[in-house]
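For reference, the structure is listed below as structure tokens.
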Amino acid sequence: MVQKKATEIFSQWASSGKDIGMEANHSPAVDVMLDHLIGSQTSPFSIIDAGCGNGWVIRKISDHSLCERAIGVDGAQEMIEKARSFDGDGQYFHSDLLDWVPNEKVDYVHSMEVLYYFKQPDQLILHIIDNWMNRNGTMIMGMDYYEENLKSHSWPVDLNTYMAMLSIDGWITLFNDCGLSKVTAFQTNANNDFPGTLVIKGKKK
């Protein structure tokens, strides 16, 4: 069976309303990620959400009093159409993340459950560093698909799509190898059946 593109799957999810469940499931982890990213913010900032889905994270960030610019980009057309329907004043772009370049670089890049869908995630990280981020900008990525989360191992077969499986140490090494500094990793919102969402954070030199 030919594997589906992740963007095809997410377009189907947007059409079926499954994106609303994604928001509910990921919101607790994203709240923690945003607190780490902008919780102590004292100056105006700009941010891109890579793989923004229906725009729920952008809408959340845009409420921050110091947010000057919040941009969402996603490869799934139906997700972007839904984001625009929810937030007519927001900035949402439909594009392959590897091809897209913002008009202006930003201070922060956030992404949830996106990076492992790329066969060479280092290419996306380097593209973001070079083309999206201001000097001293920060990138934060969250994911539930990683080696230590044993229950996630079946997802590529379940969804019939490609996913890059790395361990926690593997992701840390990848971020360091891409030239990010002050790389940190932690797991959040763990419970008895789930080791937590893996969060990786790094700073552009």
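The values are calculated or read from the model by the stated rules, or taken from the named source; none is laboratory data. None of the values given here were measured: they were computed from a predicted structure. FYI the Cβ positions are ideal-geometry reconstructions off the backbone, even for glycines, and counts take in every protein chain you see.
Below, the figures for the structure above:
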item: Members of the stretch 177-195 found to be under 26 Å from L150 (Cα atoms) and either of a type in the set (A, V, I, L, M) or in contact (Cβ under 8 Å) with a residue 12 or more places away in the chain (or both), listed by number; result: D177, V183, T184, A185, F186, Q187, T188, N189, A190, D193, F194, P195
item: Candidate set: the stretch 1-39, residues that are under 17 Å from V199 (Cβ atoms) and small (G, A, S); chosen: the one surrounded by the fewest Cβ atoms within 10 Å (Cβ to Cβ); result: G39
item: Segments classed as strands (runs of 3 or more DSSP E), wholly inside the stretch 94-205, with at least 2 members that are over 14 Å from the mean Cα position of the chain (by Cα); result: 106-112, 133-143, 181-188
item: Hey, E148 in contact (Cβ under 8 Å) with a residue 12 or more places away in the chain, in contact with a helix residue (DSSP H, G or I) (Cβ under 7 Å, 6 or more places away or on another chain) and among the charged types (D, E, K, R) or not; result: yes
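Residues are listed down the side, and each one gets a yes or a no for (1) more than 24 Å from I9 (Cα to Cα); (2) of a type in the set (D, E); (3) at pLDDT below 95; (4) touching a Leu at 6+ places or on another chain (Cβ under 7 Å):
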| site | (1), (2), (3), (4) |
| --- | --- |
| I20 | no, no, yes, no |
| A24 | no, no, yes, no |
| P44 | yes, no, no, yes |
| D63 | yes, yes, yes, no |
| A70 | yes, no, no, no |
| G75 | no, no, no, yes |
| A83 | no, no, no, no |
| K105 | yes, no, no, no |
